[in-house]
Amino acid sequence: MLVAAAVCPCPPLLVPGVAAGAAPELDSARAACTDALGLLAAARPDRLVVVGPGDESEHGGYAGGMRGTFRGFGVDIDVTLGRPEADDPEPSPRRLPTSLAVAAWLLERTAWADAPIEGLVVGEPLTPERCIEIGRDVAVRAERVALLVMGDASACRTLKAPGYLDERAAPFDAAVARALGKVDLAALKTLDTELAHELKVSGRAPWQVLAGAAEEAGLSGALLYEDAPYGVGYLVATWS
């Protein structure tokens, strides 16, 4: 059963080495992520599942101990998603997608070492129904499951945003923030997939996986961070 969840954004800029001189602009977001991961650790889960967005070639599971890198962003920083489980073979040469690499960096930064970790990548092509089904499956993988859910809101909040300014972006992000803060599963399950695509939202599918996982959990929520630096909506929330 799901006992706790944390929702965090997944821009590579969260890693200070990638952000370089702009790193202080996301200090508040990093601090909120640290607080959220602290709640996950306090829940003492038997298993942590990290869910993040990716493209079609990245869909599927990633075992604990798999490695990621930020060298593609010009910095010599490598990360590992937890540690291999005792019966696992040698770590796969396959690399973590960016969303899970950012999660691995956050977990290393908070010295997570309590529960086994596995990664799961879902993306835009998946329907809400399929995401919800995946979430239900994830919730029964252990007696006490925690989720770290990575994903960004719209990328269309300002003229300089990656997707330029779209007046629909701020209301969409505000609705997601309310749903995450209030654990409104119905609102998350019924997010407009077409609008999310148009607004370049990467978190839609991961959030709907979370909604499926939380159906029988009876959790309460808190919104820890909501802002749009660089014109992209970043949200941090906890469910416990």
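Output wanted: per-residue J couplings in Hz (rounded whole) for the stretch 66-79, from phi through Karplus 6.51 cos²θ - 1.76 cosθ + 1.60, θ = phi - 60°, x for Gly and Pro.
6, 10, x, 8, 10, 5, x, 9, x, 10, 8, 10, 10, 9
What is the Cα centroid distance between the stretch 43-75 and the stretch 196-240, reported in whole angstrom?
17
Calculated from DSSP H runs of 4 or more alone, at -39500 (n - 2.57) each and per residue, what is the 222 nm mean residue ellipticity of the chain, nearest 500?
-9500 deg cm²/dmol
Under the rule that an exposed site lies in a DSSP loop and has at most 16 other Cβ atoms within 10 Å, name the longest stretch of the chain with no GluC sites (Glu not before Pro) of that kind, not counting the sites themselves.
With a cap of 16 other Cβ atoms within 10 Å, the longest stretch comes to 1-84.
Could you report the stretch 118-206's accessible area per residue, 1.4 Å probe, as an integer in Å²?
With all protein chains present, the stretch 118-206 gives 46 Å² per residue.
How far apart, in nm, are two points set 7 Å out from the Cα along the Cα-to-Cβ line at ASP137 and at ASP55?
In this crude spin-label approximation the distance works out to 2.4 nm.
In sequence order, what are the phi-derived ³J(HN,Hα) couplings for the stretch 183-194 according to the Karplus relation 6.51 cos²θ - 1.76 cosθ + 1.60 with θ = phi - 60°, rounded to whole Hz, with x for glycine and proline?
Those phi angles translate into 6, 8, 5, 4, 5, 5, 5, 9, 4, 6, 5, 5 Hz.
Can you list residues from other chains, or at least 5 along the same chain, whose modelled amide H is less than 5 Å from the amide H of VAL201?
Under 5 Å from the amide H of VAL201: ALA155.
Applying the Karplus parametrisation 6.51 cos²θ - 1.76 cosθ + 1.60 with θ = phi - 60° to the phi angles of the stretch 215-228, what ³J(HN,Hα) value in whole Hz is obtained for each residue in order, glycine and proline being reported as x?
After applying 6.51 cos²θ - 1.76 cosθ + 1.60, I find 4, 9, 8, x, 8, 10, x, 8, 8, 9, 7, 8, 7, 9 Hz.
For VAL50, what residues show an amide H to amide H distance below 5 Å, using hydrogens built from the backbone and excluding near sequence neighbours?
Those qualifying (amide H under 5 Å, at least 5 residues apart or on another chain) are GLU118, GLY119, LEU120, LEU148.
Tell me the carbon and sulfur percent of the accessible area for the chain, rounded to whole percent, probe radius 1.4 Å.
The C+S portion of the solvent-accessible surface of the chain is 51 percent.
With a 1.4 Å probe and all protein chains kept in place, how do SER154, SER220 rank by accessible area, largest first?
Largest to smallest exposure gives the sequence SER220, SER154.
Tell me the Kirkwood radius of the stretch 106-194: reciprocal of the mean inverse pair distance over distinct alpha-carbon atoms, in Å.
Over the stretch 106-194, the inverse of the mean reciprocal pair distance is 15.6 Å.
By Kyte-Doolittle mean hydropathy of at least -0.5 and Cα axial length of at least 18 Å, which whole DSSP H helices of the chain are selected?
27-42, 169-182
Might you tell me the accessible area per residue for the stretch 3-116, computed with a 1.4 Å probe and given in Å²?
Result: 44 Å² per residue.
Between LEU235 and residues 5 or more places away or on another chain, which pairs have amide H atoms under 5 Å apart, with H built 1.01 Å from N, and which residues are they?
Answer set, sorted by chain and number: ALA153.
The values are calculated or read from the model by the stated rules, or taken from the named source; none is laboratory data. Only a predicted model underlies this, so the values are computations on that prediction, with no experimental measurement involved. Cβ sites come from the backbone with ideal geometry, for glycine too, and all protein chains shown count toward neighbours. Ligands, DNA and RNA are stripped out before the accessible areas are found, and what is left, the full protein with its side chains, is counted by its heavy atoms. Shrake-Rupley method; radii C 1.70, N 1.55, O 1.52, S 1.80 Å.
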